[in-house]
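The values are calculated or read from the model by the stated rules, or taken from the named source; none is laboratory data. Bear in mind the structure is a predicted one, so any value in this text is a computation, not a measurement. Here the Cβ positions follow ideal geometry from the backbone for every residue, glycine too, while neighbour counts run over all protein chains shown.
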Amino acid sequence: MANIIKQPCDEGVIRSAPCTVPCSRNVVKWVLAATILGSSMAMIDGTVVNVALPVLQSQLNASTTDVQWIVESYALFLAALILVGGSLGDRFGRRLIFACGISLFALASIWCGLSPNVNQLIIARAVQGIGGALLVPGSLAIISVSFDEAQRGQAIGTWSGLTAITSALGPVVGRSP
């Protein structure tokens with residue numbers, strides 16, 4: 001009877017184990033590009049909105065507190081749920097949770113653009129943070145299982161470097177007409 005009952009974490013360990021066969025050479029380039037694009041999208045959104053705050057404040061008749069919540073609702077949900085996003089990826093599949101994060105982030109971005117008032121914008125930004133929390137840990141986990149040990153360090157370095165660069169480009173992109 002004891003053999004029938006397994007520990008709760010066994011299935012998560014089995015599902016999160018790295019692939020024994022990494023992706024082919026043609027596929028890893030696309031995997032790296034997709035993961036960089038996804039995580040960059042989440043990171044740039046943390047900085048790009050800062051440039052637009054004066055316009056948002058005047059267009060939406062927002063108070064200083066409202067403007068603060070526009071920025072912080074995204075950061076709060078991203079930071080609070082990033083570990084949950086990684087855990088969901090281990091439980092239900094990295095690719096599925098990454099794709100859900102991308103979809104949720106994209107839909108929330110459309111909602112942000114169409115928000116008629118500051119309250120909807122704050123809620124939409126929070127939903128963007130949830131999407132970011134799903135996709136960011138998934139992007140790194142996908143890289144970890146897609147590259148063999150010899151290439152993994154370079155792939156993770158490329159991912160983190162390009163993601164950081166896009167985050168720094170946020171204010172520049174936000175200023176563009």
Within region 151-174, can one find any residue that is out of contact with any Gly (no Cβ under 9 Å at 6 or more places or on another chain), in contact (Cβ under 8 Å) with a residue 60 or more places away in the chain and not in a helix (DSSP H, G or I)? no
Is at least one residue of region 99-111 surrounded by 17 or more Cβ atoms within 10 Å (Cβ to Cβ), touching an Asp or Glu at 6+ places or on another chain (Cβ under 8 Å), among the small types (Gly, Ala, Ser) and under 18 Å from Ser39 (Cβ atoms)? yes
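A quick yes/no check of all residues on (1) at pLDDT below 85; (2) under 16 Å from the mean Cα position of the chain (by Cα); (3) loosely packed, with under 14 Cβ neighbours inside 10 Å:
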| residue | (1), (2), (3) |
| --- | --- |
| Pro54 | no, no, yes |
| Leu60 | no, no, no |
| Asp66 | no, no, no |
| Ile70 | no, no, no |
| Ser73 | no, yes, no |
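Yes/no per residue for (1) over 26 Å from Trp111 (Cβ atoms); (2) surrounded by 17 or more Cβ atoms within 10 Å (Cβ to Cβ); (3) touching a Pro at 6+ places or on another chain (Cβ under 7 Å):
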position: Ser139; (1), (2), (3): no, yes, no
position: Asp148; (1), (2), (3): yes, no, yes
position: Ala155; (1), (2), (3): yes, yes, no
position: Trp159; (1), (2), (3): yes, yes, no
position: Ile165; (1), (2), (3): yes, no, no
position: Pro171; (1), (2), (3): no, no, no
Here is a list of conditions, (1) modelled with pLDDT under 95; (2) assigned to a helix (DSSP H, G or I), and Pro116 meets all of them except one; can you say which number that is? (2)
Closer than 25 Å to Asn26 by Cβ and surrounded by 18 or more Cβ atoms within 10 Å (Cβ to Cβ): does that describe Leu135? yes
